[in-house]
Amino acid sequence: EKGGYDHFMLKEIYEQPSVIKDTYRGRLLADKGIIKLGGLEEYIPKFVNADRIIIVACGTSWHAGLVAEYIFEDLARIPVEVEYASEFRYRNPIITEKDVVIAISQSGETADTLAAIKLAKQKGAFVYGICNVVGSTISRETHSGTYTHAGPEIGVASTKAFTTQITVLTMIALKLAKVKGTISKTDYMMYLRELEMIPAHVEAALKSNDDIEEIAKVFKDATNFLYLGRGYNFPVALEGALKLKEISYIHAEGYPAAEMKHGPIALIDEHMPVVVIAINSDHYGKVVSNIEEIKARKGKIIAVVTEGDTAVKELADYCMEVPKTPETLTPLVTTIPLQLLSYHIAVMLNKNVDQPRNLAKSVTVE
Ligand code: F6R
(Lines give C-alpha, C1' and ligand atoms only; values in the text may rest on other atoms or scores of the structure.)
Protein backbone atom coordinates (compact mmCIF):
# COMPACT_ATOMS: atom_id res chain seq x y z
CA GLU A 1 0.00 0.00 0.00
CA LYS A 2 3.04 2.25 0.07
CA GLY A 3 2.84 2.16 -3.72
CA GLY A 4 6.49 1.29 -4.18
CA TYR A 5 7.75 3.98 -1.78
CA ASP A 6 9.81 3.09 1.29
CA HIS A 7 7.56 5.07 3.58
CA PHE A 8 4.07 6.50 3.64
CA MET A 9 5.54 9.91 4.22
CA LEU A 10 7.46 9.80 0.93
CA LYS A 11 4.43 8.46 -0.90
CA GLU A 12 2.32 11.28 0.53
CA ILE A 13 4.92 13.89 -0.41
CA TYR A 14 4.83 12.60 -3.98
CA GLU A 15 1.05 12.53 -4.05
CA GLN A 16 0.89 16.29 -3.65
CA PRO A 17 0.57 17.21 -7.34
CA SER A 18 -2.43 14.92 -7.70
CA VAL A 19 -4.15 15.67 -4.38
CA ILE A 20 -3.81 19.43 -4.84
CA LYS A 21 -5.57 18.89 -8.15
CA ASP A 22 -8.21 16.73 -6.44
CA THR A 23 -8.74 19.52 -3.94
CA TYR A 24 -9.54 22.14 -6.57
CA ARG A 25 -11.14 19.82 -9.12
CA GLY A 26 -14.69 20.96 -9.95
CA ARG A 27 -14.24 23.92 -7.61
CA LEU A 28 -11.82 26.03 -9.61
CA LEU A 29 -12.68 26.80 -13.23
CA ALA A 30 -9.82 29.08 -14.23
CA ASP A 31 -10.94 29.73 -17.81
CA LYS A 32 -14.36 30.85 -16.69
CA GLY A 33 -13.07 32.75 -13.69
CA ILE A 34 -15.13 30.67 -11.31
CA ILE A 35 -14.45 29.40 -7.80
CA LYS A 36 -17.29 27.41 -6.35
CA LEU A 37 -17.07 25.83 -2.93
CA GLY A 38 -20.26 24.05 -1.96
CA GLY A 39 -20.02 24.73 1.76
CA LEU A 40 -19.15 28.38 1.27
CA GLU A 41 -21.65 29.82 -1.20
CA GLU A 42 -24.56 30.46 1.14
CA TYR A 43 -22.30 31.77 3.91
CA ILE A 44 -20.38 34.30 1.85
CA PRO A 45 -22.26 37.22 3.48
CA LYS A 46 -21.09 35.96 6.90
CA PHE A 47 -17.49 36.16 5.76
CA VAL A 48 -17.86 39.42 3.89
CA ASN A 49 -19.55 41.14 6.84
CA ALA A 50 -17.33 39.63 9.52
CA ASP A 51 -15.37 41.98 11.77
CA ARG A 52 -12.55 39.50 11.59
CA ILE A 53 -11.71 35.90 10.96
CA ILE A 54 -10.22 33.87 13.78
CA ILE A 55 -8.38 30.75 12.68
CA VAL A 56 -7.95 28.00 15.26
CA ALA A 57 -5.77 24.93 14.75
CA CYS A 58 -2.78 23.01 16.10
CA GLY A 59 0.61 22.01 14.71
CA THR A 60 0.94 21.88 10.95
CA SER A 61 -2.69 22.95 10.51
CA TRP A 62 -1.86 26.05 12.56
CA HIS A 63 0.96 26.78 10.12
CA ALA A 64 -1.54 26.55 7.24
CA GLY A 65 -3.62 29.06 9.21
CA LEU A 66 -0.65 31.44 9.40
CA VAL A 67 -0.21 31.25 5.63
CA ALA A 68 -3.93 31.98 5.30
CA GLU A 69 -3.56 35.08 7.47
CA TYR A 70 -1.25 36.59 4.84
CA ILE A 71 -3.48 35.53 1.96
CA PHE A 72 -6.80 36.69 3.46
CA GLU A 73 -5.48 40.04 4.59
CA ASP A 74 -3.61 40.68 1.37
CA LEU A 75 -6.30 39.64 -1.11
CA ALA A 76 -9.62 39.94 0.73
CA ARG A 77 -8.67 42.69 3.24
CA ILE A 78 -10.34 40.91 6.15
CA PRO A 79 -8.49 41.08 9.49
CA VAL A 80 -7.32 37.64 10.58
CA GLU A 81 -6.07 36.26 13.86
CA VAL A 82 -4.48 32.86 14.04
CA GLU A 83 -4.66 31.05 17.34
CA TYR A 84 -3.32 27.86 18.79
CA ALA A 85 -6.58 26.15 19.69
CA SER A 86 -5.20 25.17 23.08
CA GLU A 87 -4.31 28.75 24.05
CA PHE A 88 -7.42 30.30 22.60
CA ARG A 89 -9.88 28.32 24.62
CA TYR A 90 -8.21 28.85 27.97
CA ARG A 91 -7.81 32.57 27.90
CA ASN A 92 -11.39 33.80 27.98
CA PRO A 93 -11.16 35.05 24.40
CA ILE A 94 -13.31 37.87 23.04
CA ILE A 95 -15.59 36.34 20.43
CA THR A 96 -18.78 37.83 19.09
CA GLU A 97 -21.49 37.02 16.60
CA LYS A 98 -19.66 39.20 14.10
CA ASP A 99 -16.66 36.87 14.11
CA VAL A 100 -16.12 34.03 11.73
CA VAL A 101 -14.02 31.20 13.10
CA ILE A 102 -12.20 28.86 10.73
CA ALA A 103 -11.06 25.59 12.29
CA ILE A 104 -8.40 23.69 10.36
CA SER A 105 -7.78 20.02 11.12
CA GLN A 106 -6.54 17.14 8.99
CA SER A 107 -7.96 14.44 11.25
CA GLY A 108 -10.99 16.41 12.35
CA GLU A 109 -10.50 14.86 15.78
CA THR A 110 -8.00 17.13 17.53
CA ALA A 111 -9.35 17.68 21.04
CA ASP A 112 -8.07 21.22 21.52
CA THR A 113 -9.42 22.38 18.17
CA LEU A 114 -12.76 20.76 18.92
CA ALA A 115 -12.93 22.49 22.30
CA ALA A 116 -12.15 25.85 20.67
CA ILE A 117 -14.98 25.27 18.18
CA LYS A 118 -17.44 24.52 20.95
CA LEU A 119 -16.48 27.68 22.78
CA ALA A 120 -16.80 29.81 19.62
CA LYS A 121 -20.22 28.34 18.93
CA GLN A 122 -21.36 29.09 22.47
CA LYS A 123 -20.37 32.71 21.96
CA GLY A 124 -22.41 32.90 18.78
CA ALA A 125 -19.67 32.89 16.15
CA PHE A 126 -20.11 31.22 12.79
CA VAL A 127 -17.69 28.30 12.59
CA TYR A 128 -16.31 26.98 9.32
CA GLY A 129 -14.28 23.77 9.18
CA ILE A 130 -11.48 22.70 6.87
CA CYS A 131 -10.95 18.99 7.45
CA ASN A 132 -9.52 16.11 5.51
CA VAL A 133 -11.31 13.20 7.14
CA VAL A 134 -14.87 13.03 5.89
CA GLY A 135 -17.48 12.70 8.62
CA SER A 136 -14.92 13.48 11.36
CA THR A 137 -16.06 15.07 14.61
CA ILE A 138 -14.90 18.56 13.65
CA SER A 139 -16.56 18.35 10.25
CA ARG A 140 -19.80 17.56 12.07
CA GLU A 141 -19.42 20.15 14.84
CA THR A 142 -18.84 23.10 12.48
CA HIS A 143 -21.67 25.04 10.83
CA SER A 144 -20.27 24.43 7.38
CA GLY A 145 -16.95 23.80 5.73
CA THR A 146 -14.83 22.54 2.91
CA TYR A 147 -13.03 19.23 2.76
CA THR A 148 -9.50 18.94 1.53
CA HIS A 149 -9.27 15.96 -0.80
CA ALA A 150 -5.85 14.78 0.25
CA GLY A 151 -6.91 11.17 0.77
CA PRO A 152 -5.82 9.22 3.85
CA GLU A 153 -2.68 10.61 5.43
CA ILE A 154 -0.91 7.74 7.18
CA GLY A 155 2.49 9.25 7.96
CA VAL A 156 2.31 10.96 11.32
CA ALA A 157 4.20 13.95 9.95
CA SER A 158 1.66 15.93 8.00
CA THR A 159 2.61 16.74 4.40
CA LYS A 160 -0.14 16.60 1.80
CA ALA A 161 -2.71 17.75 4.35
CA PHE A 162 -0.78 21.02 4.68
CA THR A 163 -0.61 21.84 0.97
CA THR A 164 -4.24 20.92 0.36
CA GLN A 165 -5.33 23.05 3.33
CA ILE A 166 -3.48 25.99 1.80
CA THR A 167 -5.16 25.23 -1.54
CA VAL A 168 -8.62 25.44 0.04
CA LEU A 169 -7.77 28.56 2.02
CA THR A 170 -6.43 30.25 -1.11
CA MET A 171 -9.63 29.47 -3.00
CA ILE A 172 -11.74 30.90 -0.16
CA ALA A 173 -9.63 34.06 -0.02
CA LEU A 174 -9.86 34.56 -3.80
CA LYS A 175 -13.60 34.00 -3.79
CA LEU A 176 -14.10 36.54 -0.99
CA ALA A 177 -11.74 39.01 -2.64
CA LYS A 178 -13.78 38.81 -5.82
CA VAL A 179 -17.09 39.29 -3.99
CA LYS A 180 -15.69 42.19 -1.95
CA GLY A 181 -14.02 43.79 -4.95
CA THR A 182 -10.65 43.95 -3.23
CA ILE A 183 -8.91 42.28 -6.15
CA SER A 184 -8.75 43.47 -9.77
CA LYS A 185 -10.31 41.28 -12.42
CA THR A 186 -6.91 40.80 -14.02
CA ASP A 187 -5.24 39.69 -10.81
CA TYR A 188 -8.14 37.41 -9.97
CA MET A 189 -7.92 35.68 -13.34
CA MET A 190 -4.14 35.48 -13.06
CA TYR A 191 -4.32 33.80 -9.62
CA LEU A 192 -6.84 31.25 -10.83
CA ARG A 193 -4.62 30.30 -13.74
CA GLU A 194 -1.55 30.20 -11.52
CA LEU A 195 -3.32 28.03 -8.95
CA GLU A 196 -4.09 25.54 -11.69
CA MET A 197 -0.40 25.39 -12.51
CA ILE A 198 0.64 24.55 -8.95
CA PRO A 199 0.46 20.75 -9.39
CA ALA A 200 2.95 21.01 -12.28
CA HIS A 201 5.19 23.28 -10.20
CA VAL A 202 5.11 20.84 -7.28
CA GLU A 203 5.99 18.06 -9.70
CA ALA A 204 8.97 20.13 -10.85
CA ALA A 205 10.03 20.83 -7.26
CA LEU A 206 9.97 17.09 -6.53
CA LYS A 207 12.56 16.60 -9.28
CA SER A 208 15.22 17.99 -6.92
CA ASN A 209 14.81 14.95 -4.71
CA ASP A 210 18.23 13.45 -5.51
CA ASP A 211 20.02 16.74 -4.92
CA ILE A 212 18.18 17.17 -1.64
CA GLU A 213 19.25 13.68 -0.59
CA GLU A 214 22.87 14.77 -1.15
CA ILE A 215 22.31 17.86 1.01
CA ALA A 216 20.78 15.64 3.70
CA LYS A 217 23.98 13.55 3.75
CA VAL A 218 26.04 16.63 4.50
CA PHE A 219 23.89 17.86 7.38
CA LYS A 220 22.40 14.74 8.95
CA ASP A 221 24.68 14.91 11.98
CA ALA A 222 23.96 18.52 12.84
CA THR A 223 22.35 18.92 16.25
CA ASN A 224 20.54 22.18 15.50
CA PHE A 225 18.95 23.80 12.48
CA LEU A 226 17.55 27.24 11.94
CA TYR A 227 14.83 27.88 9.33
CA LEU A 228 14.22 31.40 8.11
CA GLY A 229 11.56 32.90 5.86
CA ARG A 230 9.69 36.15 5.44
CA GLY A 231 6.13 37.09 4.59
CA TYR A 232 4.20 34.20 3.11
CA ASN A 233 7.21 32.00 3.73
CA PHE A 234 7.64 32.69 7.41
CA PRO A 235 5.04 30.01 8.24
CA VAL A 236 6.80 27.69 5.79
CA ALA A 237 9.98 28.12 7.84
CA LEU A 238 8.05 27.10 10.97
CA GLU A 239 6.64 24.10 9.15
CA GLY A 240 10.06 23.06 7.82
CA ALA A 241 11.48 23.16 11.32
CA LEU A 242 8.54 21.20 12.74
CA LYS A 243 8.98 18.47 10.11
CA LEU A 244 12.66 18.09 10.96
CA LYS A 245 12.01 17.95 14.72
CA GLU A 246 9.22 15.44 14.45
CA ILE A 247 10.90 12.77 12.39
CA SER A 248 14.66 13.21 12.86
CA TYR A 249 14.61 14.44 16.49
CA ILE A 250 17.08 17.17 15.55
CA HIS A 251 16.36 20.44 17.27
CA ALA A 252 15.17 23.03 14.78
CA GLU A 253 13.63 26.44 15.03
CA GLY A 254 11.76 28.49 12.50
CA TYR A 255 12.04 32.27 12.60
CA PRO A 256 10.95 35.25 10.55
CA ALA A 257 14.24 36.10 8.80
CA ALA A 258 14.34 39.66 10.10
CA GLU A 259 14.04 38.51 13.72
CA MET A 260 17.34 36.70 13.48
CA LYS A 261 19.30 39.75 14.55
CA HIS A 262 17.13 40.08 17.64
CA GLY A 263 18.50 36.93 19.22
CA PRO A 264 19.03 33.76 17.25
CA ILE A 265 22.03 35.19 15.42
CA ALA A 266 23.95 34.48 18.62
CA LEU A 267 23.64 30.78 17.84
CA ILE A 268 25.31 30.98 14.47
CA ASP A 269 28.71 29.42 13.96
CA GLU A 270 30.26 26.97 11.50
CA HIS A 271 28.19 24.14 12.96
CA MET A 272 24.83 25.74 12.38
CA PRO A 273 22.97 24.94 9.17
CA VAL A 274 20.49 27.66 8.29
CA VAL A 275 17.73 26.86 5.82
CA VAL A 276 16.65 30.09 4.18
CA ILE A 277 13.64 30.48 1.94
CA ALA A 278 15.08 33.02 -0.46
CA ILE A 279 12.73 33.01 -3.42
CA ASN A 280 12.11 35.95 -5.70
CA SER A 281 9.76 38.21 -3.79
CA ASP A 282 9.38 41.69 -2.41
CA HIS A 283 11.74 40.66 0.35
CA TYR A 284 14.45 39.22 -1.86
CA GLY A 285 17.01 41.94 -1.20
CA LYS A 286 16.42 41.81 2.54
CA VAL A 287 16.78 38.04 2.60
CA VAL A 288 20.02 38.29 0.65
CA SER A 289 21.42 40.56 3.36
CA ASN A 290 20.24 38.12 6.04
CA ILE A 291 22.20 35.43 4.21
CA GLU A 292 25.29 37.65 4.13
CA GLU A 293 25.01 38.17 7.89
CA ILE A 294 24.89 34.41 8.42
CA LYS A 295 27.83 33.80 6.07
CA ALA A 296 29.86 36.42 7.93
CA ARG A 297 29.45 34.26 11.03
CA LYS A 298 30.38 31.09 9.14
CA GLY A 299 26.89 29.59 9.23
CA LYS A 300 26.08 27.09 6.49
CA ILE A 301 23.32 28.18 4.12
CA ILE A 302 20.86 25.84 2.49
CA ALA A 303 18.63 28.08 0.38
CA VAL A 304 15.31 27.50 -1.30
CA VAL A 305 15.55 29.60 -4.47
CA THR A 306 13.50 30.38 -7.54
CA GLU A 307 14.60 28.68 -10.74
CA GLY A 308 17.09 30.87 -12.52
CA ASP A 309 18.26 32.62 -9.35
CA THR A 310 21.80 33.93 -9.39
CA ALA A 311 22.46 36.19 -6.37
CA VAL A 312 21.54 33.69 -3.65
CA LYS A 313 23.22 30.87 -5.53
CA GLU A 314 26.52 32.70 -5.26
CA LEU A 315 26.21 33.06 -1.52
CA ALA A 316 24.56 29.85 -0.42
CA ASP A 317 26.40 26.61 0.29
CA TYR A 318 23.54 24.56 -1.18
CA CYS A 319 20.41 25.44 -3.11
CA MET A 320 17.08 23.76 -3.67
CA GLU A 321 15.17 25.16 -6.66
CA VAL A 322 11.45 25.71 -7.01
CA PRO A 323 9.54 27.05 -10.03
CA LYS A 324 8.40 30.63 -10.19
CA THR A 325 4.86 31.40 -9.06
CA PRO A 326 3.22 34.55 -7.61
CA GLU A 327 4.45 35.17 -4.09
CA THR A 328 1.00 34.50 -2.62
CA LEU A 329 1.17 30.93 -3.89
CA THR A 330 4.82 30.22 -3.08
CA PRO A 331 4.16 28.29 0.17
CA LEU A 332 2.67 25.54 -1.98
CA VAL A 333 6.02 25.01 -3.68
CA THR A 334 8.62 26.09 -1.11
CA THR A 335 7.24 23.53 1.35
CA ILE A 336 8.20 20.64 -0.92
CA PRO A 337 12.01 20.71 -0.63
CA LEU A 338 11.74 21.17 3.14
CA GLN A 339 9.56 18.05 3.44
CA LEU A 340 12.10 16.09 1.39
CA LEU A 341 15.05 17.40 3.37
CA SER A 342 13.59 16.30 6.69
CA TYR A 343 12.52 12.98 5.20
CA HIS A 344 16.00 12.11 3.93
CA ILE A 345 17.72 13.19 7.12
CA ALA A 346 15.38 11.02 9.21
CA VAL A 347 15.91 8.01 6.93
CA MET A 348 19.70 8.41 7.12
CA LEU A 349 19.48 8.55 10.90
CA ASN A 350 17.43 5.34 10.89
CA LYS A 351 14.45 6.94 12.54
CA ASN A 352 10.93 5.61 12.30
CA VAL A 353 9.78 8.10 9.71
CA ASP A 354 6.12 7.15 9.57
CA GLN A 355 5.66 6.70 13.30
CA PRO A 356 7.99 8.96 15.20
CA ARG A 357 8.37 8.35 18.91
CA ASN A 358 5.94 10.08 21.27
CA LEU A 359 3.63 11.23 18.49
CA ALA A 360 0.16 10.09 17.49
CA LYS A 361 -1.63 10.81 14.25
CA SER A 362 -4.55 12.43 15.95
CA VAL A 363 -4.30 14.02 19.35
CA THR A 364 -7.61 13.36 21.04
CA VAL A 365 -6.57 14.48 24.52
CA GLU A 366 -6.34 18.11 25.54
C1 F6R B 1 2.64 17.73 12.30
C2 F6R B 1 1.47 17.08 12.82
C3 F6R B 1 0.73 17.73 13.95
C4 F6R B 1 -0.71 17.99 13.52
C5 F6R B 1 -1.54 18.53 14.68
C6 F6R B 1 -2.95 18.90 14.25
O7 F6R B 1 3.24 17.01 11.28
O8 F6R B 1 1.07 16.07 12.31
O9 F6R B 1 1.35 18.90 14.36
O10 F6R B 1 -0.67 18.91 12.46
O11 F6R B 1 -1.60 17.57 15.69
O12 F6R B 1 -3.62 17.80 13.73
P13 F6R B 1 -4.96 17.96 12.93
O14 F6R B 1 -4.65 18.70 11.68
O15 F6R B 1 -5.40 16.55 12.64
O16 F6R B 1 -5.92 18.69 13.79
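May I ask for the equivalent-ellipsoid semi-axes of the stretch 165-324, computed as the square root of five times each C-alpha gyration tensor eigenvalue and listed largest first in whole Å? If you can, show how the numbers build up before the last one.
Values: eigenvalues 180, 60, 49 Å².
Equivalent ellipsoid of the stretch 165-324: 30, 17, 16 Å, largest first.
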**Prompt:** Once fully extended, how much extra length lies between residue 223 and residue 98, figured as 0.36 nm per residue of separation less the alpha-carbon to alpha-carbon distance?
**Reply:** 40.3 nm
**Asked** What FRET efficiency would be calculated for the residue pair residue 358, residue 5, taking the C-beta separation as r and a Förster radius of 22 Å, to the nearest 0.05?
**Response** 0.35
**Request:** Take the eigenvalues of the Cα gyration tensor for the stretch 258-366, scale each by 5, and report the square roots as semi-axes in whole Å, largest first.
**Result:** 27, 19, 15
**Request:** Heavy atoms only, probe 1.4 Å: what % of the accessible area of the chain goes to carbon and sulfur, would you let me know?
**Result:** 48
**Asked** Lys/Arg Cβ at +1, Asp/Glu Cβ at -1, dipole of the chain taken about the Cα centre: which of 82, 238, 152 is farthest positive-ward?
**Response** 82
**Request:** First measure r as the distance between the Cβ atoms of residue 207 and residue 296, then evaluate 1/(1 + (r/R0)^6) with R0 = 22 Å and state the FRET efficiency to the nearest 0.05.
**Result:** 0.10
**Message:** More than 26 angstrom separation, counting every C-alpha pair in the stretch 100-240; what % is that?
**Reply:** 40
**Message:** Just to be sure I understand the model, the point goes 7 Å from the Cα along the line to the Cβ. What's the resulting residue 184 to residue 91 distance in nm?
**Reply:** 3.9
**Request:** Check cross-link reach from residue 21 to the lysines: straight Cα distance under 22 Å, and skip same-chain residues fewer than eight apart.
**Result:** 2, 11, 32, 36, 160, 175, 178, 207, 324
**Prompt:** Residues with amide H under 5 Å of residue 254's amide H, sequence separation 5 or more or different chain, H placed in the peptide plane at 1.01 Å from N; which?
**Reply:** 227
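Give the value in nm², to one decimal: projected area of the alpha carbon convex hull of the chain, averaged over all directions.
17.2
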**Message:** Of all beta bridges DSSP finds with both residues in the chain, what is the antiparallel percent, to the nearest 5?
**Reply:** 5
**Prompt:** Where is the GNM fluctuation largest for the chain (alpha-carbon springs, 10 angstrom cutoff): 330, 164, 186?
**Reply:** 186
**Listed residues 261, 98, 243, most fluctuating in the chain (Gaussian network, C-alpha, under 10 Å)** = 261
**Fill in**
Label model pair residue 214, residue 313: point-to-point distance (7 angstrom along the Cα→beta-carbon line) in nm is 1.4
**Fill in**
Expected max-MSF residue from 140, 91, 230 in the GNM of the chain (alpha carbon, under 10 Å) is 91
**Request:** Give, to the nearest whole percent, the P(r) tail of the stretch 29-116 beyond 18 angstrom, counting all Cα pairs.
**Result:** 50
**Request:** List, in order, the whole-Hz ³J(HN,Hα) value for each residue of the stretch 46-54 obtained from phi through the Karplus relation with A = 6.51, B = -1.76, C = 1.60 and θ = phi - 60°; use x for Gly and Pro.
**Result:** 4, 5, 5, 8, 5, 5, 6, 10, 10
**Asked** Roughly how many debye, to the nearest 20, is the charge dipole of the chain about its Cα centre, given +1 on each Lys and Arg Cβ, -1 on each Asp and Glu Cβ, and no other charges?
**Response** 780
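The values are calculated or read from the model by the stated rules, or taken from the named source; none is laboratory data. As the structure is a computational prediction, the values presented were derived from the model and not from experiment. Using ideal geometry, Cβ is built from the backbone for each residue, glycine included, and neighbour counts are taken over all protein chains shown. Just so you know, the surface numbers come from the protein's heavy atoms only, side chains and all, with ligands and any DNA or RNA stripped out. Shrake-Rupley method; radii C 1.70, N 1.55, O 1.52, S 1.80 Å.
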